[in-house]
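Report on the following structure.
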């Protein structure tokens, strides 16, 4: 196994892909959205409960590759208790991280990604960026109460 | 227009064939000889598109370098040369498919356009409200959507013959679905997602008993099997150049002359007309009536060279070699713990579609790529097939005449790396 693969498929990513956290429909979820990656058939439904502009509860269902499942799992962990403005900042930082365009993101936001920094390896795999960001785009759609499913294509 | 005589083309068929020599074949394909991620390329994505031999590249380069002008109209030398090269390729296609006449060979952009052409011309005239179009559950999207569009427009119904767990058509169900309202049957010769070789001749016999014409999507058959439209008895047969070692953006639609004669034009434009006034246009004769606009001249010439290439080696020899390789690959894949082959029809060509417990196909594709191995992952433009087998996607290794046992071994070793990355014991 080469270093690039080891960086992409880190232990924590494999762990979350095999045992995704918040893999359920949370109680009181007031908003939801569907995301779909037609390229690989990944499907996700994201459920989120927002009160007073703060994410109180969040969960997801669906099936996908290791990268998309782990990303959804770790994203849900990171989002609890965040304000919608903070969610937006994390989204931008995560997007910068996985596309390798970190120059567009301030240091502080990157620092706030915490454990999510393990997804940095994705930047070497351009076709996998969509896998890593599917849950994130779907979360944005849920917060915006967008009816139409998110598609990566 | 000057055309190479049919006897000249026929003479080529009789040339003695050398025994199949895979190393010699590999030497013809410059694209195969490169490293990917520091490892020698193993190209197993042939069902998506195949690599090109230098004979094809040379033919196109020669046309563009020495013999290029627009065809059919010019009185000058270059136009005559280009026309000759283009029309000579039509005769090669006639021989390759064993059609009866050059009027039955229409150059199109590829199989997708071939199917759309038939749906939009034959279909629009012959399919009406309440009528039925019959396809199978294993079709590529390009043999589903054109018929759906037609059925939507005409308030007709799309009927789908089921397939069994191996990936064979359920022929009893097919017979029952072939009804008094069936106006056309359209099916793949070889399934791109499963590798099934369909019993086309039987399907044609059943359909013809009821006077129903049959279109065959031959995109996945042309690189692997000898094709004989006369023996199959089918009414339409369509192929893509790029899957049979020719260029992209070109293909052939074969149609029986009697049917083509009655079909309205597909697109309007130059070359498909005999005369035009603002009041009335008289359409050209076959096959030009279906070739509006300046065609893909170099593409057609490249496709002709690809047909020569396959004929020279011999599709019987290619088919025998690939069958052995497919058997070896099947046996080796089955030895991998947790691996399930999707598509185990009795008669198969080229395709090894599979899933691995605990690993999504997309991750398999990424890891194999790091090993220099190119496979396709996803639904292979056949989502109904994926639904039928209860998988969101598969990984697909598809073989061609230039693949080897050593490359299968590399695939197997790559799949053990996949297991290692995912911590599977």
Of the candidates B:339, B:356, B:333, B:352, the one satisfying the condition of being surrounded by 21 or more Cβ atoms within 10 Å (Cβ to Cβ), over 22 Å from residue B:188 (Cα atoms) and over 16 Å from the mean Cα position of the chain (by Cα) is B:356
Which residue out of B:329, B:304 is in the same structural domain as residue B:118 (by TED's automatic domain parsing), under 30 Å from residue B:224 (Cα atoms) and in a helix (DSSP H, G or I)?
-> B:304
Looking at residue A:4, is it away from chain B (no Cβ under 14 Å) and surrounded by fewer than 21 Cβ atoms within 10 Å (Cβ to Cβ)?
-> no
Within the stretch B:152-203, can you find the residues that are surrounded by fewer than 21 Cβ atoms within 10 Å (Cβ to Cβ), in a helix (DSSP H, G or I) and in contact with a strand residue (DSSP E or B) (Cβ under 6 Å, 6 or more places away or on another chain)?
-> B:173, B:177
Quickly run through the stretch A:25-57 and pick out the residues that are more than 11 Å from every other protein chain (Cβ to nearest Cβ) and at positive phi.
-> A:28, A:52, A:53
Picked from the stretch A:26-44 (must be free of Cβ contacts under 8 Å to residues at least 60 places away in the same chain and surrounded by 14 or more Cβ atoms within 10 Å (Cβ to Cβ)), the residue nearest to residue B:394 (Cα to Cα) is A:41
Are any of the residues in the stretch B:365-373 more than 10 Å from chain A (Cβ to nearest Cβ) and either without any contact (Cβ under 8 Å) to a residue 40 or more places away in the chain or in a helix (DSSP H, G or I) (or both)?
-> yes
Per the filter on the stretch B:119-148, residues under 16 Å from residue B:381 (Cβ atoms) and assigned to a helix (DSSP H, G or I) are B:141, B:142, B:143, B:145, B:146, B:147, B:148
If residue B:407 satisfies every condition in (1) over 23 Å from residue B:187 (Cα atoms); (2) in contact with a strand residue (DSSP E or B) (Cβ under 6 Å, 6 or more places away or on another chain); (3) in contact (Cβ under 8 Å) with a residue 40 or more places away in the chain; (4) within 14 Å of chain A (Cβ to nearest Cβ) but one, which is the exception?
-> (4)
Restricting attention to the stretch B:166-181, does a residue exist that is assigned by TED's automatic domain parsing to the domain that holds residue B:231, closer than 16 Å to residue B:229 by Cβ and more than 17 Å from the chain's Cα centre (by Cα)?
-> no
Just wondering, is there one or more residues in the stretch B:75-82 that are touching a residue at least 24 places away in the same chain (Cβ under 8 Å), surrounded by 20 or more Cβ atoms within 10 Å (Cβ to Cβ), within 30 Å of residue B:343 (Cα to Cα) and not assigned by TED's automatic domain parsing to the domain that holds residue B:354?
-> no
Only one of B:315, B:356 is modelled with pLDDT of 95 or more and away from chain A (no Cβ under 14 Å), namely B:315
Taking residue A:122, is it under 24 Å from residue A:47 (Cα atoms) and more than 10 Å from the chain's Cα centre (by Cα)?
-> no
Sole miss for residue B:344 among (1) away from every other protein chain (no Cβ under 14 Å); (2) surrounded by fewer than 22 Cβ atoms within 10 Å (Cβ to Cβ); (3) not in a loop (DSSP other than H, G, I, E, B) is condition (3)
Output yes when any residue across the stretch B:377-385 is farther than 14 Å from residue A:41 by Cα and either away from chain A (no Cβ under 11 Å) or in contact with a helix residue (DSSP H, G or I) (Cβ under 8 Å, 6 or more places away or on another chain) (or both), and no when none is.
-> no
All-but-one check, residue B:43 against (1) within 21 Å of the chain's Cα centre (by Cα); (2) over 24 Å from residue B:264 (Cβ atoms); (3) surrounded by fewer than 20 Cβ atoms within 10 Å (Cβ to Cβ), failing number (3)
If residue B:412 passes every condition in (1) away from chain A (no Cβ under 14 Å); (2) in contact with a strand residue (DSSP E or B) (Cβ under 7 Å, 6 or more places away or on another chain); (3) assigned to a helix (DSSP H, G or I) but one, which one does it miss?
-> (2)
Note on the stretch B:213-267: residues more than 24 Å from residue B:316 (Cβ to Cβ), without any contact (Cβ under 8 Å) to a residue 40 or more places away in the chain and in a loop (DSSP other than H, G, I, E, B) are B:235, B:267
Checking residue A:20 against (1) over 13 Å from the mean Cα position of the chain (by Cα); (2) within 14 Å of chain B (Cβ to nearest Cβ), which test does it fail?
-> (1)
So, in the stretch B:387-404, of the ones that are surrounded by fewer than 21 Cβ atoms within 10 Å (Cβ to Cβ) and in contact (Cβ under 8 Å) with a residue 24 or more places away in the chain, which residue ends up nearest to the other protein chains (Cβ to nearest Cβ)?
-> B:391
Is the stretch A:78-92 home to any residue that is within 14 Å of chain B (Cβ to nearest Cβ) and over 30 Å from residue B:38 (Cβ atoms)?
-> no
Report, by residue number, each residue of the stretch A:134-145 that is touching a helix residue (DSSP H, G or I) at 6+ places or on another chain (Cβ under 8 Å) and either within 14 Å of chain B (Cβ to nearest Cβ) or not in a helix (DSSP H, G or I) (or both).
-> A:134
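The values are calculated or read from the model by the stated rules, or taken from the named source; none is laboratory data. Note that this is a predicted model, so its numbers are computed, not measured. Cβ atoms come from the backbone with ideal geometry, glycine included; neighbour counts cover every protein chain shown.
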